[in-house]
Amino acid sequence: MKDAAKEIPEGFHTVTPTITVKDGAKAIDFYKKAFGAEELTRMPGPGGRGILHAQIKIGNSVLFLGEERPDPGSPKSPETLGGVTNTFYIYVQDADAAFNKAVSAGATVTMPIMDTFWGDRAGSVSDPSGHMWMLGTRKKEMTPEEMAKGAEEFFAQMANKK
């Protein structure tokens, strides 16, 4: 007899993001190279083609991954949509090293690595499937007032560059 199931499976958190890609095998290979992802499971799609569902682990977080399907109402990849609606933020020990590793693996820089107004050293990249990832290391604990002042200064500088 099997043990009773846990409400939240071992190794998972309450929220588990699911990403949709066009080529699951290619995406998983990229995540392994760029972010040190570990592949936990892979379930082939209908007729053994593609990936219906996979689980990968980046750091201590599990993500689900699946390929686009033509079914009405099925999620679409950023490639199909021509944009994204979310960004994944990965906290790492060394943001510069992680950022450079992701770029070397084929990610495109969308925000250069920098010291941010919220206290992190961070940069943003787009993966080959079109998903956005920010890689950051906390450098300074900021009060809400310090963040607000920093944001105001940052956006004023950005406005002056236009």
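The values are calculated or read from the model by the stated rules, or taken from the named source; none is laboratory data. Everything numeric here is computed off the predicted structure, so don't read it as measured data. Methodologically, a virtual Cβ is constructed for each residue, glycine included, from the backbone with ideal geometry; neighbour enumeration extends over all protein chains shown. Keep in mind that these areas ignore ligands, DNA and RNA; they rest on the heavy atoms of the full protein, side chains included. Shrake-Rupley method; radii C 1.70, N 1.55, O 1.52, S 1.80 Å.
State all residues of region 137-156 that are exposed (fewer than 13 other Cβ atoms within 10 Å of the Cβ) and either under 18 Å from Arg121 (Cβ atoms) or among the charged types (D, E, K, R) (or both); if no residue qualifies, say none. Lys140, Glu141, Glu145, Glu152, Glu153, listed by residue number.
In region 23-43, the residues that are at pLDDT 95 or above reach residues that are open to solvent by 70 Å² or more (accessible area, probe 1.4 Å) and part of a helix (DSSP H, G or I) with C-beta atoms within less than 9 angstrom, at least six apart or across chains, in these pairs: Lys33/Lys101; Lys33/Ser104; Ala34/Lys101; Ala34/Ser104; Phe35/Lys101; Gly36/Lys101; Glu38/Lys32; Glu39/Lys32.
If we scan region 45-59, do we find a residue that is in contact (Cβ under 8 Å) with a residue 40 or more places away in the chain, out of contact with any Phe, Trp or Tyr (no Cβ under 9 Å at 6 or more places or on another chain) and open to solvent by 80 Å² or more (accessible area, probe 1.4 Å)? No - not one qualifying residue is present in region 45-59. For region 1-34, which residues satisfy the criterion of being over 20 Å from Lys76 (Cα atoms) and open to solvent by less than 30 Å² (accessible area, probe 1.4 Å)? Of everything in region 1-34, just one residue is over 20 Å from Lys76 (Cα atoms) and open to solvent by less than 30 Å² (accessible area, probe 1.4 Å), namely Ala34. In region 107-115, the condition of being closer than 19 Å to Ile28 by Cβ and either open to solvent by 70 Å² or more (accessible area, probe 1.4 Å) or not basic (Lys, Arg) (or both) is met by at least one residue.
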